[in-house]
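The values are calculated or read from the model by the stated rules, or taken from the named source; none is laboratory data. Not measured: the values here are computed from a predicted model. Virtual Cβ from ideal backbone geometry, glycine too; neighbours counted across all protein chains shown.
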Ligand SMILES: [Zn+2]
Ligand SMILES: [Zn+2]
């Protein structure tokens, strides 16, 4: 067994194409294995993290939902899942996570710590409001609808500081550390960006005339209200995009700090580092504004860098998915997975050696704002919704792209021209394959649960 530490960095909602704009990570890439065509298996945080750390698709471990929509039935199998931190803990690793999600995400971690949330500055208006009698407050609430302003759980600087403190405490032990950065998740570091007058170029061109209020012309659902409450209706869409890029630059600086800290402590040469995002972010593509729903490329393509001790830099072409990480990392460590037959992911170590993977397809699904499934195979990408109702996006009150979509990614990489009607045979074949795959995943979930009950006896 190779006695490497593991530092696993997840940058929430970071698009693949932003990586080139991140100064440190672009430089650091030259010391890493770069998986060029990596995909998440879903587009929300909860199921994505669960898949990343288990090597299982969402339908296999059961957590297909996110946040407040996760029900007890989704978690029925999660206790039986072999998360990588659980496997390594059994082998004597100290396991730690810097995150705030809690719940089942704590499984297998000795330390699960959240940086302290910095309190927002209280404005004069909010102070006066606080002093008003309860009756007046209730009256105001009835006349002025509640604001749904979004906020970040903590800042990147605080996450790095906590991560370094934990590494300091674990020194001398072999450790696995997960660090989750949130700054590239809506609302981004928007007010700070405005304060600094920052102006970053956006990877997706947005017409410079449009403001948040203009969105209501194209999007009708609750999401626009949230955007208005969070950013203000007169804010330029470009300014929000700029804040997204600014936030990516801040996280980049924090990762640089963390890497230099590992270097100073002479730990980097002995540490596997994984840098990825749990999903991407749509910056207006397909009518999806500053969120990550939809199974289009901006939401499911992710950056994926692996710093592996003793391995030179290389770019690896061909598909890779988050579920491949557990088998790949275990293989680099020389550790056997306790139930390799349950894994959905593939060991990519041989592919890394030759510089291209032979994963033939990419699978993804979503359930939070709409229920859709995606299969990417060869040049085609197929997306479908099991029912017309399930295709309706509850955030935007619309059906993005249709109930059944097929794109020729060679000719139409931006997924603008749905050819499902022109190529019904290809669409039918891909749908059949998707249905068979999802049936197998559910079967496997039952088997994992049965196997674990059996093992306990
Ligand atoms: Zn996320
Ligand atoms: Zn939508």
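Below is a table of values for the structure above.
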{"item": "Residue 390 being at pLDDT 95 or above and surrounded by fewer than 17 Cβ atoms within 10 Å (Cβ to Cβ)", "result": "yes"}
{"item": "Condition broken by residue 18, with the remaining ones in (1) more than 16 Å from ligand 1 (Cβ to nearest atom); (2) at pLDDT 95 or above satisfied", "result": "(1)"}
{"item": "Selection within region 280-289 - away from ligand 2 (no atom under 11 Å from the Cβ) and either in contact with a helix residue (DSSP H, G or I) (Cβ under 6 Å, 6 or more places away or on another chain) or not in a loop (DSSP other than H, G, I, E, B) (or both)", "result": "280, 283, 285"}
{"item": "Candidate set: region 294-318, residues that are in a loop (DSSP other than H, G, I, E, B) and in contact with a helix residue (DSSP H, G or I) (Cβ under 7 Å, 6 or more places away or on another chain); chosen: the one farthest from ligand 1 (Cβ to nearest atom)", "result": "309"}
{"item": "Those residues of region 95-110 which are part of a loop (DSSP other than H, G, I, E, B) and touching a helix residue (DSSP H, G or I) at 6+ places or on another chain (Cβ under 9 Å), in sequence order", "result": "99, 101, 107, 108, 109, 110"}
{"item": "Which numbered condition residue 247 misses (of (1) surrounded by fewer than 18 Cβ atoms within 10 Å (Cβ to Cβ); (2) within 28 Å of residue 313 (Cβ to Cβ); (3) out of contact with any helix residue (DSSP H, G or I) (no Cβ under 7 Å at 6 or more places or on another chain))", "result": "(1)"}
{"item": "Counted residues, region 256-279 - those being touching a strand residue (DSSP E or B) at 6+ places or on another chain (Cβ under 9 Å) and more than 16 Å from ligand 2 (Cβ to nearest atom)", "result": "14"}
{"item": "Hits in region 211-225 - residues which are at pLDDT below 95, in contact with a strand residue (DSSP E or B) (Cβ under 9 Å, 6 or more places away or on another chain) and surrounded by fewer than 21 Cβ atoms within 10 Å (Cβ to Cβ)", "result": "218, 219, 220, 221"}
{"item": "Residue that is modelled with pLDDT of 95 or more and surrounded by fewer than 19 Cβ atoms within 10 Å (Cβ to Cβ), where the choices are 283, 267, 295, 304", "result": "267"}
{"item": "Test for residue 206: is it surrounded by fewer than 22 Cβ atoms within 10 Å (Cβ to Cβ) and closer than 15 Å to residue 9 by Cβ", "result": "no"}
{"item": "Residue ranges of helices (runs of 4 or more DSSP H) in region 185-279 with at least 3 members within 16 Å of ligand 1 (Cβ to nearest atom)", "result": "237-264"}
{"item": "Residue identified as at pLDDT below 95 and either closer than 29 Å to residue 219 by Cβ or in contact with a strand residue (DSSP E or B) (Cβ under 6 Å, 6 or more places away or on another chain) (or both) among 397, 418", "result": "397"}
